[in-house]
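All remarks here apply to the structure that follows.
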Amino acid sequence: MHWYLKLSETFEARELFANAIAAYKKILRFSPKNPEALQRLAQLYARLGQGISAKPLYQIIAHQCMISG
C-alpha cells in the first residue's frame, strides 16, 4: 500500500489528477478503511470542485473518528 500512496502523491504533484484518483481508489479497493487514502482522495476531490464525490469519503472519515474516539 505504501508504494501506491507514494505513486498517488507523485501523480498529484505532477497534476495528473485522474491518475492520482485511480491510484487512491486502488488502495481503497484493497484496504477500504485506509485513513490516509480516504483523506487524500477526499481532499483531492474537494480541490477539484467535486464535492459530491468528496462528501461520502468525509462521512466515512468522520464515522471512523467517532468509533475510534
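The values are calculated or read from the model by the stated rules, or taken from the named source; none is laboratory data. The structure displayed is predicted, hence computed values, not measured ones. Positions of Cβ are backbone-derived with ideal geometry, glycine not excepted, and every protein chain shown enters the neighbour counts. With ligands, DNA and RNA removed, areas are computed over all heavy atoms of the protein, side chains included. Shrake-Rupley method; radii C 1.70, N 1.55, O 1.52, S 1.80 Å.
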Near pairs, Cβ below 7 angstrom, 6+ apart or cross-chain, from the range 8-27 (among the charged types (D, E, K, R)) to any residue that is at pLDDT below 95: K26/Y4
Report, by residue number, each residue of the range 14-69 that is out of contact with any Ser or Thr (no Cβ under 8 Å at 6 or more places or on another chain), under 19 Å from M1 (Cα atoms) and β-branched (V, I, T). I21, I61
State all residues of the range 36-47 that are surrounded by 14 or more Cβ atoms within 10 Å (Cβ to Cβ) and not polar (S, T, N, Q); if no residue qualifies, say none. E36, A37, L38, R40, L41, A42, L44, Y45, A46
Please work out which residue is surrounded by the fewest Cβ atoms within 10 Å (Cβ to Cβ), limiting yourself to the range 1-30 and to residues that are modelled with pLDDT of 95 or more and in a loop (DSSP other than H, G, I, E, B). E15
Determine the pairs where a residue that is more than 10 Å from L38 (Cα to Cα) and open to solvent by less than 70 Å² (accessible area, probe 1.4 Å), located within the range 52-63, has a partner that is at pLDDT 95 or above and aromatic (F, W, Y) with Cβ atoms under 7 Å apart, the partner being 6 or more residues away or on another chain. S53/Y45
